[in-house]
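Throughout, read-outs are computed from the coordinates displayed, never taken from laboratory work. Predicted model, so just to flag it, every value in this text is computed and none were measured. Reconstructed Cβ throughout: ideal geometry from the backbone, glycine too, with neighbour counts over all protein chains shown.
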Amino acid sequence: MDLGISGRRAAVAGASSGLGLATARALAEEGVRVAICGRDRARVQKAASGLGHDAVALVADVSTPDGARRFVERSRDALGGLDILVTNAGGPPPGNFASTDVEAYSEAIAMNLLSVVAMCKEAVPGMREQGWGRVLAITSISVRQPIPGLILSNTARAGATGFLKTLAREVARDGVTVNSIQPGTHRTRRVEEIFGGEIDRAADGVPAGVLGSADDFGRVAAFLCSQHAAFVTGAAVPVDGGAYAGLQ
């Protein structure tokens, strides 16, 4: 299926590996010009080289609002404009209520909520002006069903989801859609760090019986950025192999 976005310009944050890179790859395969970022120059340049010669590699740290804003600004300058924004950042350290200090919440909120706000503040006005735009935030299935031991991520990403839903309603008439995509357990470096040598155990709670494929996730993300998804906004789409058990 032609997604109708060939020639569009996308900034994909946190895309030197994992789900961010898979999303950037899926967009590039649809003819989208992509700017990606990561904190390690060698890694992000290697990732960009695999996307094609038009991909732009930027060294940026989107775990802070200022770093996130500057990534979008630099992407827009490099691409000559911006049509698609995919927000994404690493997750905060694991921990529960008893083990997590109050001070840790500020850093988690900066990384997984305020960075999203900052990227949107930089990208969305131009999208509204041109009458077309796609914002997609990679969050987590923990927004629907909190994951034990990840209290910081559960808290910050839930706030981001509330912000995105509100923004979606404000800009819907301007041709700009705002959605989030909620990954479950995929075979990524983040999951490997959490489960260590027992990564296959991560699939125990997935009805599909396997860990998710990053590339399959990327294709779903690309669809939500497509022309065909023009009437999908304010949605939070789980991609989790059936792990979320709720009816809504």
Fewest-first sequence of ARG219, ARG39, ARG189, ARG134 by Cβ atoms within 10 Å of each Cβ: ARG189, ARG39, ARG219, ARG134
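ILE84: net charge of surrounding residues, Cβ under 9 Å, Lys/Arg +1, Asp/Glu -1, itself excluded?
On the way: positive: ARG8, ARG9, ARG134; negative: ASP83.
Taking every other residue near ILE84 into account, the sum is +2.
Suppose a student asked you for the relative contact order of region 9-238, using Cα pairs under 8 Å spaced at least 6 residues apart; what percent would you report? Could the numbers behind the result be given before it?
Working: 452 pairs, mean separation 47.8, N = 230.
With pairs under 8 Å counted, the relative contact order is 21 percent.
Once you keep just the Cα pairs under 8 angstrom separated by 6 or more residues, what percentage relative contact order results for region 60-168? Show your work: numbers first, answer last.
Working: 147 pairs, mean separation 39.2, N = 109.
Dividing the mean separation by the residue count of region 60-168 yields 36 percent.
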HN-Hα J in Hz across region 102-114 - Karplus 6.51, -1.76, 1.60, θ = phi - 60°, x for Gly and Pro: 4, 4, 5, 5, 4, 5, 5, 5, 4, 6, 10, 10, 5
Shape category assigned to region 1-73 from the gyration tensor of Cα positions, a/c cut at 1.5: prolate
GLN248-ARG128 pseudo-label distance in nm [points 7 Å out on the Cα-to-Cβ vector]: 2.9 nm
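Could you work out the local net charge near GLY241, counting Lys and Arg as +1, Asp and Glu as -1, over the other residues with Cβ closer than 13 Å to its Cβ?
Details: positive: ARG187; negative: ASP204, ASP216, ASP240.
Spelling it out: positives minus negatives among the neighbours equals -2.
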Estimated inter-spin distance, ARG169 and ALA208, nm [label 7 Å along Cα→Cβ]: 3.2 nm
Within region 114-154: backbone nitrogen closer than 17 Å to the ARG201 label point (7 Å, Cα to C-beta): 148-150
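Mind listing which chymotrypsin sites (Phe, Trp or Tyr not before Pro) in region 162-234 are in a DSSP loop and have 15 or fewer other Cβ atoms within 10 Å?
Values: sites: PHE163, PHE195, PHE217, PHE223, PHE231; in loops: PHE231.
Listed in order of number, the matching sites are PHE231.
What is the calculated FRET efficiency for HIS228 to ALA78, with r their C-beta to C-beta distance and R₀ = 22 Å, to the nearest 0.05? Walk me through the numbers on the way to the answer.
Numbers: r = 27 Å, r/R0 = 1.23.
In this case the efficiency is close to 0.25.
Most exposed first by the Cβ proxy, i.e. fewest other Cβ within 10 Å, how do GLU170, GLU107 rank? Each step should come with its number before you reach the end.
On the way: GLU170 12, GLU107 15.
Ranked by crowding around the Cβ, least crowded first: GLU170, GLU107.
Report the extension gain between ASP215 and ASP66 in nm, rounded to one decimal, defined as 0.36 nm multiplied by the number of residues separating them, less their alpha carbon distance. Please list the in-between numbers first.
Values: separation 149, 0.36 × 149 = 53.64 nm, distance 2.96 nm.
Contour length minus the Cα-Cα distance gives 50.7 nm.
Apply the membrane-span-like helix rule to the chain: whole DSSP H runs, Cα extent along the own long axis of at least 15 Å, mean Kyte-Doolittle hydropathy at least -1.0. List the helices found.
Qualifying helices, which must be both long enough and hydrophobic enough, are 18-29, 115-130, 151-171, 214-224.
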Max mean-square fluctuation residue, GNM over the chain, Cα-Cα springs under 10 Å, options ARG74, ARG173, ARG157: ARG173
Nonlocal amide H pairs with LEU150, under 5 Å, H built at 1.01 Å: GLY95
Under-5 Å amide H pairs with ALA137, H placed in peptide plane, nonlocal only: THR87, ASN179, SER180, ILE181
